[in-house]
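Engineer: Dumping the structure here so I can ask a few things about it.
The values are calculated or read from the model by the stated rules, or taken from the named source; none is laboratory data. Keep in mind the model is a prediction, meaning the values are calculated, not measured. Cβ atoms come from the backbone with ideal geometry, glycine included; neighbour counts cover every protein chain shown. All accessible areas refer to the heavy atoms of the entire protein, side chains included, with ligands and DNA or RNA removed. Shrake-Rupley method; radii C 1.70, N 1.55, O 1.52, S 1.80 Å.
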Amino acid sequence: QVQLVESGGGLVQPGGSLRLSCTASGSIFSINAMGWYRQAPGKQRELVAVMSSGDTTTYADSVKGRFTISRENGKNTLYLQMNTLKPEDTAVYYCNADVRDSILFRWENYWGQGTQVTVSS
């Protein structure tokens, strides 16, 4: 079994910063891509940023230049540094990962439980 646990969400004023973390644990053999998605009330879940195992990154146009994704492979941890936050960034942020487990050696896609980010004055 594999778990993804996010942390770092909260309430911040417009223009402020937050850093989200996601740690993968459990029966992990290897991890390929890891990414962040978000879902605002009444909207579909959307990609925020994703990083491959080779450190190739992809960002949504709406966050380019403001958000930075990074990972510590030895710790199976993913980060999202969010700067110059806007009210429209308000959403539940979810961590996602493609994981090969160490028991059956199968690839599966996993989601975290989500962490709330609220940008408001």
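Engineer: Every residue in region 28-73 that is open to solvent by 30 Å² or more (accessible area, probe 1.4 Å) and either on the phi > 0 side of the Ramachandran plot or of a type in the set (A, V, I, L, M) (or both), please.
Structural biologist: Correct list: Ile28, Gly42, Leu47, Val50, Asp55, Gly65.
Engineer: Turning to a different aspect of this structure: When only residues in region 81-100 that are assigned to a strand (DSSP E or B) and open to solvent by less than 10 Å² (accessible area, probe 1.4 Å) count, which is farthest from Gln3 (Cα to Cα)?
Structural biologist: Met82
Engineer: Next up: What are the residue pairs meeting all of these: first residue in region 22-38, first residue among the charged types (D, E, K, R), second residue open to solvent by less than 50 Å² (accessible area, probe 1.4 Å), Cβ atoms under 8 Å, and 6 or more apart or on different chains?
Structural biologist: Arg38/Val48; Arg38/Asp89; Arg38/Ala91; Arg38/Val92; Arg38/Tyr93; Arg38/Tyr94; Arg38/Val117
Engineer: Let me ask something else. Please work out if Gly65 is at pLDDT below 95 and outside any strand (DSSP E or B).
Structural biologist: Numbers: at pLDDT below 95: no; outside any strand (DSSP E or B): yes.
Spelling it out, it is not the case that Gly65 is at pLDDT below 95 and outside any strand (DSSP E or B).
Engineer: State all residues of region 101-117 that are among the β-branched types (Val, Ile, Thr) and buried (at least 18 other Cβ atoms within 10 Å of the Cβ); if no residue qualifies, say none.
Structural biologist: Thr115, Val117
Engineer: Here is a follow-up. Mind listing just one residue for me: the one in region 101-114 that is at pLDDT 95 or above and in a strand (DSSP E or B) and, of those, nearest to the chain's Cα centre (by Cα)?
Structural biologist: So, considering only residues that are at pLDDT 95 or above and in a strand (DSSP E or B), the one nearest to the chain's Cα centre (by Cα) is Trp111.
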